[in-house]
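One structure is given below, encoded as C-alpha cells.
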Ligand SMILES: Cc1cc2nc3c(=O)[nH]c(=O)nc-3n(C[C@H](O)[C@H](O)[C@H](O)COP(=O)(O)O)c2cc1C
C-alpha cells in the first residue's frame, strides 16, 4: 500500500476537525438574474455617479482608471519572481460584476463546453480562442463592433472597438485589488466562506500544516466544483468571485513585466500562452493572490478557468497584433518523432504510470533523481517539499539525459506536490533546451489534479510546445491502461505509430 494514502487521511482528519460548527457558503449577495439594468447603470466602482454611468452595460461596473503598483512586494509570502512590482496606469473601462455564466455562453454560442453543469455556474473549459470567439459573437448579436480579428491562431485586437472583450492582465489586477495592496483584496486571506477554492489550503497553510494555530484563516470546505456566480461578497469595486470559483482569461500573452512604468499595457508580443488570473475552485489560496499569474496555451481549456468580460469606457487607439506561433514538435503527427519518458516519483505511483506508458509505447525511460534524496518519512517530506518550493530550490540531479537533442517529444511525469511540481522537476526543465520539442505532462495526485503544475512547467520551458496533459489519481485504477492509450492517441502517439530507434 502506498504511503500516499496518508495524504488523503491527513486531508480527511483535518476536514473532520475544521468541519465542526461551520456552515457552507456565506451570504448570497446577488446573482446576475437579480439585477436590473436600471439599478446597475447608476453605479461606478467608486460609488460615484459619473457622466459615463448612463451607458454602463447591464451587470457591469465602471472601473475608473488610475495608477497602481502591479505585481507583489518581495516580502509577500509565496510570490513568484515574475510578479516584479512596477507602476501601471489603466484607463477607465467597464467590467462585468460576475464571471460569465453557462447560460450566457450557451445563449450566444448554442453549446456549453463546461465540465460542471448549471446555468448560473461560470462557464469553464473554454479555450482562450473560444473566449475570444464568444466576445465577438455577443458583440455582433448586440449591434456592437467586434473587437477581435481572428485569423487561425492569430488574433488581433482593435482597441477602438466598443464590443465585448477580455481584460488585460493590468486591468484585471487593478480591478481585483480595488485600491488595496495586500495579497488579497480582503484584509485577511480568503476563507472558504468568502471564496470558492481548495479550502483545505488557505494562505500560509504550507508552513502551518501540522500546527494550524498560526493561521489567520483556518482550513475550510473544498467544494470540488464551481458554484453559482456571485455566491460570496463583492470586492470594494463591486466585483464578485475575483478570487476563486474559476480563473479568468485575460488578453495578455505571458511574458516578463517591464521594469519601467506602463500605461494600458497589453502583454508580450509573441507566443501562444495566455495568462489567466484569480484562481479557481481547485486552487490553493496562494495561487489566488491578486498578483499571481497563471497561464495555459490559448488552444486549451480547463475546468478551473472561465471568462469575465470587459468593454471600453473610452475608445483606445490602434491594433494590438496577434500572436505569432512558436514552432514545436507536432505531437499530432508523432510518426518519426522520438519519445522520451522522464519522471520523478517519491512513493512509486508516478513510476508505475511511467512504466505503463513505456510498455505501451516502447519509448525510453529516464528517472529524475536528486543527488540528495528526500526523506522516506511522509511527514518529513511534506516539510522538505514545501521548503524547497518556497525557496524555489533547484536540487542537483544525480543522472542526466545524454542525448536530449535526439528527442522530439518528452513525456514528463511527476506527483503533484503542494499544488505544483516537485523542485527536482524544475531542475530537470532548466537543464535542457526544449526549443522545438513538445512536452506531454502527466501528474499523479491525491485529489488536487494538476494544481498549478502546468503553469509551472510552462514558465520553466517557455520554448516547448505543450501537448494535452493527463492527471491520474494516485496510482490510477483499473482503467489506467485504457486512460493512457486514449491520452497517447489524443496526442498522436500510438503503440504502432511510435518510433523508437
Ligand atoms: C510532499 C508531498 C506533497 C503533496 N502535495 C499534494 C497536493 O498538493 N495535492 C495533491 O493532490 N496531492 C499531493 N500529494 C500527494 C501526491 O501527489 C500523490 O500521493 C502522488 O500519487 C504521489 O506520487 P508518487 O508515489 O509518484 O510520489 C503530495 C504528496 C507529497 C509527498
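Here are the criteria: (1) in a loop (DSSP other than H, G, I, E, B); (2) more than 24 Å from residue 269 (Cα to Cα); (3) in contact (Cβ under 8 Å) with a residue 40 or more places away in the chain. Tell me which single one residue 126 does not satisfy. Against the list (1) in a loop (DSSP other than H, G, I, E, B); (2) more than 24 Å from residue 269 (Cα to Cα); (3) in contact (Cβ under 8 Å) with a residue 40 or more places away in the chain, residue 126 comes up short only on (2). The residues listed here are 361, 369; of these, the one that is in contact with a strand residue (DSSP E or B) (Cβ under 7 Å, 6 or more places away or on another chain), more than 24 Å from residue 287 (Cα to Cα) and surrounded by 19 or more Cβ atoms within 10 Å (Cβ to Cβ) is 361. Of all the residues in segment 441-497, those that are within 16 Å of the ligand (Cβ to nearest atom) and within 21 Å of the chain's Cα centre (by Cα) number 22.
For segment 284-300, the set of residues classified as under 10 Å from the mean Cα position of the chain (by Cα) and either over 22 Å from residue 439 (Cβ atoms) or more than 15 Å from the ligand (Cβ to nearest atom) (or both) consists of 288, 292, 293, 294, 295, 296, listed by residue number.
Taking segment 279-301 as the range and being under 24 Å from residue 138 (Cα atoms) and touching a strand residue (DSSP E or B) at 6+ places or on another chain (Cβ under 6 Å) as the test, the residues that pass are 297, 298. Give just the number: which of (1) touching a strand residue (DSSP E or B) at 6+ places or on another chain (Cβ under 8 Å); (2) away from the ligand (no atom under 16 Å from the Cβ) does residue 430 not satisfy? Status for residue 430: all satisfied but (1). A residue that is more than 10 Å from the ligand (Cβ to nearest atom), over 22 Å from residue 481 (Cβ atoms), at pLDDT 95 or above and not assigned by TED's automatic domain parsing to the domain that holds residue 253 occurs somewhere in segment 407-419.
Entry remark, segment 72-89: residues being outside any loop (DSSP other than H, G, I, E, B) and touching a strand residue (DSSP E or B) at 6+ places or on another chain (Cβ under 7 Å) number 4 in total. Among all residues of segment 325-332, there is none that is more than 16 Å from the ligand (Cβ to nearest atom), modelled with pLDDT of 95 or more and either more than 25 Å from residue 423 (Cβ to Cβ) or loosely packed, with under 13 Cβ neighbours inside 10 Å (or both).
Take residue 202 and decide whether it is closer than 21 Å to residue 450 by Cβ and either within 17 Å of the chain's Cα centre (by Cα) or within 16 Å of the ligand (Cβ to nearest atom) (or both). For residue 202, the condition - closer than 21 Å to residue 450 by Cβ and either within 17 Å of the chain's Cα centre (by Cα) or within 16 Å of the ligand (Cβ to nearest atom) (or both) - is met.
For segment 455-475, the tally of residues that are buried (at least 19 other Cβ atoms within 10 Å of the Cβ) and either out of contact with any strand residue (DSSP E or B) (no Cβ under 8 Å at 6 or more places or on another chain) or assigned to a loop (DSSP other than H, G, I, E, B) (or both) stands at 5.
The values are calculated or read from the model by the stated rules, or taken from the named source; none is laboratory data. This one's a predicted model, so the numbers in the text were calculated from it and none came from an experiment. No Cβ is skipped: glycine too gets one built from the backbone with ideal geometry, and neighbour counts run over all protein chains shown.
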